[in-house]
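Colleague: Dumping the structure here so I can ask a few things about it.
The values are calculated or read from the model by the stated rules, or taken from the named source; none is laboratory data. These figures come from a predicted structure and were not determined experimentally. Note: ideal-geometry Cβ built from the backbone for every residue, glycine included; neighbour counts use all protein chains shown. For accessibility, only protein heavy atoms count, side chains too; no ligands or nucleic acids. Shrake-Rupley method; radii C 1.70, N 1.55, O 1.52, S 1.80 Å.
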Amino acid sequence: MGSFLPEDYNNHNKNIGRKIQVDILTTVKGKLSSFQIIILGFAGVILMGALLLMMPISSRTHQVTPFIDALFTSTSAVCVTGLVVRDTAMYWSYFGQGVILVLIQMGGLGVVTVASFLAVIAGRKISLMQRQAMQSSLSAPQVGGVVRLTSFVFRTAFGVELAGVVALLPFFCSKYGLAGIWMSVFHSISAFCNAGFDLMGGKTGAFSSLTSFDDNVYVTIVFSLLIFTGGIGFLTWNDIVKKKFRFKEYRMQSKVILATSLFLIIVPAVFFFCFDFSDLPIKSRICQSVFQAVTPRTAGFNTADLTKMTSAGLGVIMILMLIGGSPGSTAGGMKTTTAAVLFGNTIAVFRRRDNAKFFGRRIGDHEIKNASTIFFMYLILAIGGGLIISVCENISLSTSLFEAISAIGTVGLTLGITSELGVISKLVLMLLMFFGRAGGLTLIYAAFSRRDTFVSKYPLEHITVG
């Protein structure tokens, strides 16, 4: 697919001299930062989606949908969460479902990424500011080659989604006839984008998700592969495509992502197999154990009745939801790399090392500070959101906390309270979903876009911790 090197950017702009580049950078100052563009892009698409979903043509009853419900659905779709207050199949018309699917695709690939890709197709020149926004949106390591990376993202996404449609068509068409075509398209995109929206409500009951396929090996494998593929990140896929099975040649980040992702699937699956689904037939036991280990990061489909799981099992799911997927992917959450860096730093402290290390590489203090900040923000916001929902709805803190973590992790799993929540609780969940999808540091950098230029340092003094 080609390498993403700074030369790509230089060759593409070979007619632009150094002086002009400086002028461009100068004009950027005082305008919106790339982080602010990302935030405003997401917010604008959410509002547009809400207005479309309010239209009578979007509902099966051809009635105007209340703004708060339309806004909640649009936010959940753009933030690829899957929490819903109206059953997707039973309430929304085909037009409404189509709007939701477009919002999922834009949210999964990134609003800025989609807009930039359309500009490239139209033959428009991509400015330096746009490239910076694309870099931030994709979590790319550098500006150079970001246009080519965007093209790779779309080719990969559409290719995997098409493969998912082909894999699901025989199953859904044999079961539901011609309606299976639309169901295959919808579920393939929803699964790859880790959105968790489903159309099973009209077939197996409202808000039923994939519980009717709890022992179906084929459905478990196809959905799990789509979720995993979308959740490990496009930069990781770039390494896989370029270097095939030469794992040692992968970038350190790709190695960490793959190792952490596999660990977070295998260990929880074994836990669920031993303690949560031990009374089920072996086939259903394996399917549900594997799927419940995959879907919390951050897909939101479920094949098991979560209300019947043990408290320990729900605790494991909440941890997985908080961690989420990987950087530059369709998933949300703190990210696997954040959890890995925190774990690596803990081991380094235990062993009295100066730095965390992975695969023969040292992790810098900057990454450790970012990881600690992200973890703290997610934890505080999840707990705060859970407390507000618990007080407003007069329900247990554990149930409210599950809902809040599901929102900020952009997962979509629920214990069945979403559709019954009041306006304040819905607003809290929408803010958490937006925060989880846009990213904690993106929001912070958008709010404080100017770097502190104060170069003097205060005197250093040690403080005892622990």
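Colleague: Counting pairs of alpha carbon atoms under 8 Å apart in space and at least six apart in sequence, what relative contact order in percent does region 147-298 give?
Modeller: So the answer I get is 21 percent.
Colleague: Past 24 Å, Cα to Cα, is the threshold; run K125/K242; K203/K308; K255/K369; K125/K243; K255/K357; K335/K369 against it and keep the listed order.
Modeller: Too far apart for the 24 Å limit: K125/K242; K125/K243.
Colleague: Could you tell me which trypsin sites (Lys or Arg not before Pro) in region 174-248 are loop residues by DSSP with no more than 11 other beta carbons within 10 angstrom of their beta carbon?
Modeller: Here the trypsin sites (Lys or Arg not before Pro) that fit, given the DSSP loop and packing criteria, are K244, R246.
Colleague: Right, another one. Under the rule of -39500 (n - 2.57) per DSSP H run of 4 or more residues, summed and divided by the residues of the chain, what mean residue ellipticity at 222 nm is obtained, to the nearest 500 deg cm²/dmol?
Modeller: Counting only the DSSP helices, I get -20500 deg cm²/dmol.
Colleague: Still on this model: What residues qualify as long-range amide H neighbours of Y250, i.e. H under 5 Å apart, gap of 5 or more or another chain, H built at 1.01 Å from N?
Modeller: none
Colleague: Tell me the relative contact order for region 373-443 as a rounded percent, counting alpha carbon contacts under 8 Å between residues six or more apart.
Modeller: For region 373-443, the relative contact order is 35 percent.
Colleague: At 1.4 Å probe size, with every protein chain present, just tell me what the per residue accessible area of region 275-372 comes to in Å².
Modeller: Per residue, region 275-372 has an accessible area of 46 Å².
Colleague: With a 1.4 Å probe and every protein chain kept in, tell me what percent of the accessible surface of the chain is carbon plus sulfur.
Modeller: Heavy-atom surface of the chain belonging to carbon and sulfur, 1.4 Å probe: 65 percent.
Colleague: How many angstrom lie between the C-alpha centres of region 200-229 and region 59-94?
Modeller: 20
Colleague: Let me ask another. If R0 is 35 Å, what FRET efficiency do you get for L379 and M48 from their C-beta distance, rounded to 0.05?
Modeller: Here the calculated transfer efficiency is 0.60.
Colleague: Something else about it: If you place +1 on the Cβ of every Lys and Arg, -1 on the Cβ of every Asp and Glu, and leave all else neutral, what size is the dipole of region 330-395 about its Cα centre, to the nearest 20 Debye?
Modeller: Dipole about the Cα centre, nearest 20: 480 debye.
Colleague: State the answer as a single residue: which of V217, I265, F186 lies farthest towards the positive end of the charge dipole of the chain, with beta carbon charges of +1 for Lys and Arg and -1 for Asp and Glu, about the Cα centre.
Modeller: Farthest along the dipole direction, towards plus: I265.
Colleague: Please state the shape class of the chain: rounded when a/c is under 1.5, otherwise prolate if a/b exceeds b/c and oblate if not, all from the C-alpha gyration tensor.
Modeller: Cα axes put the chain in the rounded bin.
Colleague: If we count chymotrypsin sites (Phe, Trp or Tyr not before Pro) as exposed when they sit in a DSSP loop and have at most 13 other beta carbons within 10 Å, what is the longest stretch of the chain that avoids them all?
Modeller: My reading of the result: 1-244 is the longest stretch.
Colleague: What is the extension gain from F343 to F245, computed as 0.36 nm multiplied by their sequence separation minus the C-alpha to C-alpha distance, in nm to one decimal?
Modeller: 32.6 nm
Colleague: Now a separate question. What order do M55, M200 take when sorted by accessible area (1.4 Å probe), most exposed first?
Modeller: M55, M200
Colleague: With charges set only on the Cβ (+1 for Lys and Arg, -1 for Asp and Glu), what does the dipole of the chain come to about its Cα centre, in debye to the nearest 20?
Modeller: Value, rounded to 20: 1880 debye.
Colleague: Please sort through the DSSP H helices of the chain and keep those with an alpha-carbon extent of at least 27 Å along the long axis and a Kyte-Doolittle average not below 0.0.
Modeller: Flagged H segments are 34-54, 146-176, 252-275, 365-393.
Colleague: Let me ask something else. Using unit Cβ charges (K, R positive; D, E negative) and no other charged atoms, how large, in debye to the nearest 20, is the dipole of region 271-355 about its Cα centre?
Modeller: 280
Colleague: Right, next: Explain nothing, just the number: relative contact order of the chain, from Cα pairs under 8 Å at least 6 residues apart, as a whole percent.
Modeller: Taking the mean separation of contacting Cα pairs over the length of the chain, I get 18 percent.
Colleague: Using a cut-off of 12 Å between beta-carbons, work out the net charge of the residues near D215 (Lys and Arg +1, Asp and Glu -1, D215 not included).
Modeller: Its environment carries a net charge of +1.
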